[in-house]
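These notes are about the structure you will find just below.
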Amino acid sequence: MKIVIEYVLIENFLINLIVLKTVELFLREKGRLFFLSAGLGAVVTLLCPLLRLTTFGSFLLQLGFAIFYVCISFKFSGLKKFAVIYLSYFVAAFLYGGACYFFESLLNQSSLLVVLAVIVAVYIVVKLLFKRRQKKKNLETFCFDIKIEVSGKEYGFKAFLDSGNFLSDPITGKPVCLINFKAFSTLFSEIGVEDVLRKNDKLKRLKFAHYINFNTLNSNDKILVFQADTMKIGEKSFERPTLGLSLKNFNQTFGTDVILHNEFAGSGEGL
């Protein structure tokens, strides 16, 4: 009996702890005293059978203690915020409970090892999804729809405003916005990668084309820079912006084909 009790305590403690950590992810704010709440929850779960309550009575008891767990673990200033936290707690609890029930039925066995493996795996997946969602949201905050005009034709792109991009053309002093080869080939379909690397005569079709140093943490390269006719960001239009061709696929990092210069975050003076 001692071993069974220990297993029940450990299992419910870890489930309660991960449920609270998941609520923390839902709310995007730090909680407190999770170990205390998780420990109390484990003890309550263990004592419920001793009270000989009906299934409904046991459910009501858990609802009542859930209020206690929420009050201990999270700060709230009003009934609305409390309701959000309380609801999040039960969404997380049903998520893990449902996952455990599904895998135990699938494997046709119930053991502490299965429960621990399932709740840890589900928590990792949930955490990764929230991190990905937050990263996407952060990127979208600095993403803009822009239009670049070349030879009388306008082309639309997604652009990321990079506060760390301070690259400028040493000849003109103008800030340089980076474009990847996908965007470049949209603007100049007749110019290939080999033409850029070999610096052949096709580059003469570009306005004020030349190469500048492009230093990063991992490499020191030279990149091709040139001028477009105009670039529009929202309602603002910039004449003869300087673009730099990067052969790195930054689309995977930023989800865009253009990286705007830091100065575009301000009034756009001097662009």
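The values are calculated or read from the model by the stated rules, or taken from the named source; none is laboratory data. Everything numeric in this text was worked out from a predicted model, so none of it was measured. Don't worry about glycine lacking a Cβ; one is built from the backbone with ideal geometry, like all the others, and counts go over all protein chains shown. Just the protein is used for accessible areas: all its heavy atoms, side chains included, with ligands, DNA and RNA removed. Shrake-Rupley method; radii C 1.70, N 1.55, O 1.52, S 1.80 Å.
Of the solvent-accessible surface of the stretch 58-207, computed with a 1.4 Å probe and all protein chains present, 64% belongs to carbon and sulfur. Taken over the stretch 179-223, the percentage of Cα pairs per 10 Å bin, counting from 0 up to the bin with the maximum distance, is 23, 56, 20, 1.
Counted over all Cα-Cα pairs of the chain, pairs farther apart than 30 Å make up 52 percent. Here residue 153 is the anchor, and the lysines within straight C-alpha reach of less than 24 Å, apart from those fewer than 8 places off in the same chain, are 174, 182, 202, 204, 207, 232, 236. Between helix 79-107 and the chain there is an angle of about 80 degrees, using the helix long axis and the longest principal axis of the Cα atoms.
Against the chain, whose longest principal axis is taken from its Cα atoms, helix 34-47 shows a tilt of about 30°.
Cα centroid separation, the stretch 175-219 to the stretch 35-102: 60 Å.
First check a/c for the stretch 1-88, with a ≥ b ≥ c the square roots of the eigenvalues of its C-alpha gyration tensor; if it is under 1.5, answer rounded, and if not, answer prolate when a/b is larger than b/c or oblate otherwise. Intermediate values should be presented prior to the final figure.
Values: a/c = 2.80, a/b = 1.55, b/c = 1.81.
Oblate is the answer for the stretch 1-88, as a/c is 1.5 or above yet b/c matches or exceeds a/b.
Among 54, 19, 76, whose Cα projects farthest towards the positive end of the dipole of the stretch 1-76, with charges put on the beta-carbon of Lys, Arg (+1) and Asp, Glu (-1)? Sorting the options by dipole projection puts first 76.
Protection proxy ranking of 192-203, 165-176, by the mean of other Cβ atoms within 10 Å over each peptide's residues and highest first, is 165-176, 192-203. For the stretch 26-68, the alpha-carbon coordinates run over 37, 17, 13 Å along the three principal axes, in decreasing order.
If you place +1 on the Cβ of every Lys and Arg, -1 on the Cβ of every Asp and Glu, and leave all else neutral, what size is the dipole of the stretch 76-194 about its Cα centre, to the nearest 20 Debye? List each step's numbers first, then the result.
On the way: 14 positive and 9 negative charges, 120 e Å.
Roughly 580 debye, rounded to the nearest 20.
Whole number in Å², please: accessible area per residue of the chain, 1.4 Å probe, ligands, DNA and RNA not counted.
Details: 16400 Å² over 271 residues.
So the chain comes to 61 Å² accessible per residue, rounded to a whole number.
Taking 10 °C and 1.306 mPa s as conditions, the stretch 6-45 diffuses translationally at an estimated 157 µm²/s according to Stokes-Einstein applied to its Kirkwood radius (Cα pairs).
With the helix formula -39500 (n - 2.57) applied to DSSP H stretches of n ≥ 4, the chain reaches a computed 222 nm mean residue ellipticity of -16500 deg cm²/dmol. With every protein chain in place and a 1.4 angstrom probe, the accessible-area ranking of 263, 29, largest first, reads 263, 29.
Determine the dipole magnitude for the chain: charges of +1 sit on the beta-carbon of Lys and Arg, -1 on that of Asp and Glu, nothing else is charged, the reference point is the Cα centre, and the result goes in debye to the nearest 20. Numbers along the way, then the final one.
On the way: 32 positive and 22 negative charges, 73 e Å.
Approximately 360 debye in magnitude.
Under a point-charge model restricted to the Cβ atoms of Lys and Arg (+1) and Asp and Glu (-1), what is the dipole moment magnitude of the stretch 1-63 relative to its Cα centre, in debye to the nearest 20? Show your work: numbers first, answer last.
Numbers: 6 positive and 4 negative charges, 20 e Å.
Roughly 100 debye for the stretch 1-63.
Bridgeable lysines around residue 30 (alpha carbons under 17 Å apart, same-chain partners fewer than 8 residues away excluded): 21, 75, 81, 127, 131.
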